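Have a look at the structure below before the remarks.
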Amino acid sequence: MLNPHKQAVKQLESVAELLEVAYSEKKRFWQAIEKLKEPDRVYKTELEVGGKKYPAFRSQHDNSRGPYKGGIRFHPGVTEAEVKALSTWMTWKCAVVGIPYGGGKGGVVVDPRKLSSEELQELSRAYARWLQDKIGPWQDIPAPDVNTNGQIMAWMVDEWQQAYLENHGVLTENALATFTGKPLALGGSQGREEATGLGGVYVLEKLAEKQGWTRKQDITIAIQGFGNVGYWFAYHADKLGYKVVAVSDSKGGVYLAEGLDPVKTLECKQQMGKVTQCHCTTKGCSTQAGRVITNEELLELEVDVLVPAALESVIHKDNAKKIKAKFIIEMANGPVTPEADKILLANDTTVIPDILANAGGVTVSYFEWVQNLAGYYWSYDEVLAKLKPLMDQAFDQMWRMKKEHSVSARIATYMSAVKKVVDALMIRGKV
């Protein structure tokens, strides 16, 4: 099985073969592709907290379109290959939506559940201090990722600012612009909480436009994963008139043919602890309203749109043939394996890839950075008004590439992204 970085390189190579025809300067084009196979740099260290050492990484893939951008994850499974791959995919994601960033990614090999609050803060500060001269508002802008959150970003930005002042004496930019995903009280942006899910619904709306879906109430949606991303996707899809018939969490899910109420379902889940107890319609919650299903059953429901919004690789070669939905919107990172992708394509299933579908989060992170640099903050409505055009434009670029080259939506999205980065490298004269 390919490690994630080798998989990212393989994707790049396959896309490059399709893009080559558009470039007259073949040598420079392939120099750019070779450069993009490896990050510009990967930093590694060990952070010591409470007498224990924790391996830590930061990968900076490419900054030809702007500063590096990407999350920090705290997880026992973090590897160098993983952060290299994720930083590569972040480069493409930022290019897809046209925001002026390159890709970065960081991680610490740790199970944060085994740390006390004091140890978690100490580890967060140690990581930020280690990165003091490697990140900054115009250099590399980290954000939350797996097992990190706004509080951790607040500790990190505070530590980074202290370390910077110790080394340089004065700040030339707003330190808050060094991290995004911060709490509102510390320079965070309105709308960030729902941005990823909402961005996915903007993609759904563009898909509906291309497919000529005039009766949204007839379009059925199943969502695997009812965390932050899945909930906000369900909420906004329901508000627009689509019928969300199934949702699930790690313990299982519920199916209601007439459509469930996302708000009532979330309230019920918060009370009961799991979605399987929550058969909630606009009329209320009742176990008579629907049926309990497994996560595997949810994936195989007869619905129009399937939204995997939880884990990676949930659609694989063993279950891809059982997928009945004709449209998949990837809200999780990498929920469809490469083997499954081929099977779905053969079955005429359209997959809107993660680097487009879930790019609303990094887009609003970009808005947060802009607001920090300007020292001027936008209202909730202003943020959402700025998000939609960028998601719409990214979808339209992908769709044109898809039609022009007769390729899948995934390949078209990658072609659009890689072309922007290669063009930037050429224009700068880096190749």
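Would you confirm whether any residue within region 148-171 is among the acidic types (Asp, Glu) and within 24 Å of Glu82 (Cα to Cα)? There is no residue in region 148-171 that is among the acidic types (Asp, Glu) and within 24 Å of Glu82 (Cα to Cα).
Being in contact with a helix residue (DSSP H, G or I) (Cβ under 9 Å, 6 or more places away or on another chain) and within 30 Å of Ala128 (Cβ to Cβ) is a condition met by no residue of region 11-32. Out of all the residues in region 88-109, which are surrounded by fewer than 24 Cβ atoms within 10 Å (Cβ to Cβ) and more than 13 Å from the chain's Cα centre (by Cα)? Across region 88-109, the qualifying residues are Gly98, Ile99, Pro100, Val109. Each residue in region 403-431 was checked for being surrounded by fewer than 17 Cβ atoms within 10 Å (Cβ to Cβ) and within 20 Å of Asp348 (Cβ to Cβ), and 4 pass. All conditions in (1) within 24 Å of the chain's Cα centre (by Cα); (2) assigned to a strand (DSSP E or B); (3) of a type in the set (S, T, N, Q) hold for Thr45, with the sole exception of (1). When region 19-58 is limited to residues that are hydroxyl-bearing (Ser, Thr, Tyr) and touching a Phe, Trp or Tyr at 6+ places or on another chain (Cβ under 8 Å), the one that is modelled with the lowest pLDDT turns out to be Tyr23. Among residues that are surrounded by 24 or more Cβ atoms within 10 Å (Cβ to Cβ) and either in the same structural domain as Glu330 (by TED's automatic domain parsing) or of a type in the set (A, V, I, L, M, F, W, C) (or both), Val383 is not included.
Let's see how each residue does on (1) under 18 Å from the mean Cα position of the chain (by Cα); (2) surrounded by fewer than 18 Cβ atoms within 10 Å (Cβ to Cβ); (3) under 26 Å from Thr178 (Cβ atoms); (4) aliphatic (A, V, I, L, M):
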site: Phe29; (1), (2), (3), (4): no, no, no, no
site: Val49; (1), (2), (3), (4): no, no, yes, yes
site: Lys52; (1), (2), (3), (4): no, yes, no, no
site: Gly70; (1), (2), (3), (4): yes, no, yes, no
site: Val83; (1), (2), (3), (4): yes, no, yes, yes
site: Leu86; (1), (2), (3), (4): yes, no, yes, yes
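Residues checked against (1) within 26 Å of the chain's Cα centre (by Cα); (2) surrounded by 21 or more Cβ atoms within 10 Å (Cβ to Cβ); (3) touching a residue at least 60 places away in the same chain (Cβ under 8 Å):
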site: Glu267; (1), (2), (3): yes, no, no
site: Thr294; (1), (2), (3): yes, no, no
site: Val305; (1), (2), (3): yes, yes, yes
site: Ala310; (1), (2), (3): yes, no, yes
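Report the residue count in region 391-416 for those that are closer than 22 Å to Val362 by Cβ and polar (S, T, N, Q). Total satisfying the criteria: 4.
Checked against the criterion of being touching a Gly at 6+ places or on another chain (Cβ under 7 Å) and either surrounded by 14 or more Cβ atoms within 10 Å (Cβ to Cβ) or modelled with pLDDT of 95 or more (or both), the candidates Lys239, Lys243 yield just one match: Lys243. Would it be correct to say that Thr220 is polar (S, T, N, Q), under 28 Å from Gly273 (Cβ atoms) and surrounded by 13 or more Cβ atoms within 10 Å (Cβ to Cβ)? Against the criterion (polar (S, T, N, Q), under 28 Å from Gly273 (Cβ atoms) and surrounded by 13 or more Cβ atoms within 10 Å (Cβ to Cβ)), Thr220 qualifies.
Of the residues making up region 205-234, those that are in contact (Cβ under 8 Å) with a residue 40 or more places away in the chain, part of a helix (DSSP H, G or I) and within 16 Å of the chain's Cα centre (by Cα) are Val229, Gly230, Phe233. Quick one: how many residues across region 111-149 are of a type in the set (A, V, I, L, M, F, W, C) and over 26 Å from Pro67 (Cβ atoms)? Selection size over region 111-149: 2.
Taken over region 43-76, the residue count meeting the criterion of being over 22 Å from Ala417 (Cα atoms), in contact with a strand residue (DSSP E or B) (Cβ under 9 Å, 6 or more places away or on another chain) and not charged (D, E, K, R) is 10. Can you say whether Leu19 is assigned to a helix (DSSP H, G or I) and out of contact with any Pro (no Cβ under 6 Å at 6 or more places or on another chain), as far as the supplied structure shows? Against the criterion (assigned to a helix (DSSP H, G or I) and out of contact with any Pro (no Cβ under 6 Å at 6 or more places or on another chain)), Leu19 qualifies.
Taking Pro262, is it assigned by TED's automatic domain parsing to the domain that holds Lys326, closer than 14 Å to Ile328 by Cα and either of a type in the set (A, V, I, L, M) or surrounded by 15 or more Cβ atoms within 10 Å (Cβ to Cβ) (or both)? No, not satisfied. Checking the stated criteria, Ala289 turns out not to satisfy the condition of being crowded, with 17+ Cβ neighbours inside 10 Å, in contact with a helix residue (DSSP H, G or I) (Cβ under 9 Å, 6 or more places away or on another chain) and in the same structural domain as Tyr231 (by TED's automatic domain parsing).
If I filter region 247-258 for residues that are closer than 17 Å to Arg291 by Cβ, surrounded by fewer than 23 Cβ atoms within 10 Å (Cβ to Cβ) and in contact with a Phe, Trp or Tyr (Cβ under 8 Å, 6 or more places away or on another chain), do I get at least one hit? Yes, the conditions are met somewhere in region 247-258. Inspect all residues belonging to region 27-39 and state whether any of them is part of a helix (DSSP H, G or I), without any contact (Cβ under 8 Å) to a residue 12 or more places away in the chain and more than 30 Å from Val157 (Cα to Cα). Within region 27-39 (the criterion being part of a helix (DSSP H, G or I), without any contact (Cβ under 8 Å) to a residue 12 or more places away in the chain and more than 30 Å from Val157 (Cα to Cα)), the answer is yes, since at least one residue qualifies.
The values are calculated or read from the model by the stated rules, or taken from the named source; none is laboratory data. Just so it is clear, the model here is predicted, and its values are computed rather than measured. Please note: Cβ atoms are built from the backbone with ideal geometry, for glycine as well, and neighbour counts cover all protein chains shown.
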